[in-house]
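A.B. asks: Following this message is one structure expressed as structure tokens.
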Amino acid sequence: MEQHLTVLLNEAVESLVTDTDGSYVDGTFGRGGHSRLVLSRLSSTGSLLGIDKDPQAIAEGEQLEIDDSRFRIARGSFAELSDLAEHVKFARPFTGVLLDLGVSSPQLDQAERGFSFMRDGDLDMRMDTDNGLSAAEWIATAEESEMVKVLRDYGEERFAKRIVRAIIAAREEAPITRTLQLAKIVSEANPAWEKHKHPATRSFQAIRIFINDELTDLERLLGNVVDQLAVGGRLVVISFHSLEDRMVKRFMRRQSEGDDVPAYIPVTESQRNRRLKIIGKAIKASEQEIEMNPRSRSAVMRVAEKLA
Ligand SMILES: C[S@@+](CC[C@H](N)C(=O)[O-])C[C@H]1O[C@@H](n2cnc3c(N)ncnc32)[C@H](O)[C@@H]1O
């Protein structure tokens, strides 16, 4: 199986594991880079649940399950954390939950997965290849306004309208089914190529986020994860673009500030309902890591701990 270069490996596991006997969740198992290091830190009574949407990641997880009885793997979205844990009878509340968001290197590197604008493959882009619409299916039928919104909201693409018009004109000529075909249409329509950025980067990112419901899943996870954590348990999230990081940052800040009580109303500390404590500052990859793994350049890790 192809390798995934795990980002912020030591930093994430250091922050996550506070009790070697605890029960942990790796919500984005991938190829198990973080999971293996977590397991190496746990005692014989510690346990780890790995979750992923991707069947190839699950195959890797099933192997690890055979090799290490403290580990369980479950297929699904981390947004369904509670149901998935219930299903495999995994110990709760959790001592820590880790998310290393986005796509893995094997997903990007295998042309046939359709994530890359650099490699020619079927325009798929689904992490879960058994469910939902592929990017090609969506592009074949989506309304102009919907596509513009996706490119604007998820790709922060200034030229969304122009690009979508070009996509619509092209799909009237012939179906858009290949990654390089889409990359060419987008690049030609994009009037302002940014430095050091392929002109289709934003559009591909946007379509990928939409096809995989990435921000909705993150929002759902954030909406219930605190209830699933034990007191003192940690939430560790590694984001790869500003939309995700903004959501995580705001969420942690809100939960650490507690309820919004007007200044003139006297409240006790417990009435403030602070649920998380932010641990340290946002962490980025070192120069050394970035040199070895350019994908880590955009990574931002945030950590918070559940309060009593
Ligand atoms: C960046 S990779 C994680 C790599 C992993 N930390 C490692 O070291 O091998 C992200 C993984 O999370 C999965 N993923 C992304 N969003 C998900 C979600 N909402 N639910 C479940 N899995 C998800 C992807 O399929 C991918 O395998």
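The values are calculated or read from the model by the stated rules, or taken from the named source; none is laboratory data. Only a predicted model underlies this, so the values are computations on that prediction, with no experimental measurement involved. Here the Cβ is made from the backbone with ideal geometry for all residues, glycine too, and neighbour counts use every protein chain on show. Quick note on the areas: whole protein, heavy atoms, side chains included, nothing else; ligands and nucleic acids left out. Shrake-Rupley method; radii C 1.70, N 1.55, O 1.52, S 1.80 Å.
A.B. asks: Among the residues of the range 56-83, which ones are assigned to a helix (DSSP H, G or I), open to solvent by 30 Å² or more (accessible area, probe 1.4 Å) and not hydrophobic (A, V, I, L, M, F, W, C)?
C.D. replies: Gln56, Glu60, Glu62, Gln63, Glu65, Asp67, Glu80, Ser82, Asp83
A.B. asks: Moving on to the next point. For residues that are part of a helix (DSSP H, G or I) and of a type in the set (Gly, Ala, Ser), scanning just the range 189-247, find the one that is nearest to the chain's Cα centre (by Cα).
C.D. replies: Ranking the qualifying residues of the range 189-247, first place goes to Ser242.
A.B. asks: Which residue out of Leu39, Leu48 is assigned by TED's automatic domain parsing to the domain that holds Ile279, modelled with pLDDT of 95 or more, in contact with a helix residue (DSSP H, G or I) (Cβ under 7 Å, 6 or more places away or on another chain) and of a type outside the set (Asp, Glu)?
C.D. replies: None of the other options fit; the residue is Leu48.
A.B. asks: When you look at Leu108, is it within 10 Å of the ligand (Cβ to nearest atom) and either assigned to a helix (DSSP H, G or I) or under 24 Å from Leu215 (Cα atoms) (or both), yes or no?
C.D. replies: yes
A.B. asks: Mind checking which pairs have a first residue in the range 211-227 that is within 9 Å of the ligand (Cβ to nearest atom) and a second that is basic (Lys, Arg), Cβ under 7 Å, 6 or more apart or different chains?
C.D. replies: Hits for this filter: Asn212/Arg126.
A.B. asks: Looking at the range 281-304 only, could you name the residues that are open to solvent by 30 Å² or more (accessible area, probe 1.4 Å), of a type outside the set (D, E, K, R), within 21 Å of the chain's Cα centre (by Cα) and more than 14 Å from Phe240 (Cβ to Cβ)?
C.D. replies: The answer is Ser286, and nothing else.
A.B. asks: Being on the phi > 0 side of the Ramachandran plot and open to solvent by 10 Å² or more (accessible area, probe 1.4 Å) narrows it down to one residue among Glu156, Glu172, Glu194, Glu188; which is it?
C.D. replies: So the residue among Glu156, Glu172, Glu194, Glu188 that is on the phi > 0 side of the Ramachandran plot and open to solvent by 10 Å² or more (accessible area, probe 1.4 Å) is Glu156.
A.B. asks: If a residue must be assigned to a loop (DSSP other than H, G, I, E, B) and either out of contact with any Lys or Arg (no Cβ under 6 Å at 6 or more places or on another chain) or surrounded by fewer than 17 Cβ atoms within 10 Å (Cβ to Cβ) (or both), how many such residues does the range 248-259 contain?
C.D. replies: The qualifying residues number 1.
A.B. asks: Of the residues Leu9, Leu42, only one is more than 8 Å from the ligand (Cβ to nearest atom) and either polar (S, T, N, Q) or without any contact (Cβ under 8 Å) to a residue 40 or more places away in the chain (or both); which?
C.D. replies: Matching residue, one of Leu9, Leu42: Leu42.
A.B. asks: Would you mind stating whether Ile51 is under 25 Å from Leu108 (Cβ atoms) and either β-branched (Val, Ile, Thr) or more than 12 Å from the ligand (Cβ to nearest atom) (or both)?
C.D. replies: So Ile51 fits the description; yes.
A.B. asks: Can you report the number of residues in the range 143-174 which are closer than 20 Å to Lys197 by Cβ and outside any helix (DSSP H, G or I)?
C.D. replies: 4
A.B. asks: So which residues in the range 111-132 are out of contact with any Leu (no Cβ under 9 Å at 6 or more places or on another chain), assigned to a loop (DSSP other than H, G, I, E, B) and open to solvent by 90 Å² or more (accessible area, probe 1.4 Å)?
C.D. replies: Asp130, Asn131
A.B. asks: State the number of residues belonging to the range 69-105 that are away from the ligand (no atom under 15 Å from the Cβ), without any contact (Cβ under 8 Å) to a residue 24 or more places away in the chain and not basic (Lys, Arg).
C.D. replies: The number of residues fulfilling the criteria is 2.
A.B. asks: Moving on to the next point. Output yes when any residue across the range 13-29 is surrounded by fewer than 20 Cβ atoms within 10 Å (Cβ to Cβ), modelled with pLDDT of 95 or more and near the ligand (Cβ under 8 Å from one of its atoms), and no when none is.
C.D. replies: Taking every residue of the range 13-29 in turn, none turns out to be surrounded by fewer than 20 Cβ atoms within 10 Å (Cβ to Cβ), modelled with pLDDT of 95 or more and near the ligand (Cβ under 8 Å from one of its atoms).
A.B. asks: Taking His198 as meeting all but one of (1) modelled with pLDDT under 95; (2) within 16 Å of the ligand (Cβ to nearest atom); (3) under 21 Å from Gly121 (Cβ atoms), write down the number of the exception.
C.D. replies: (2)
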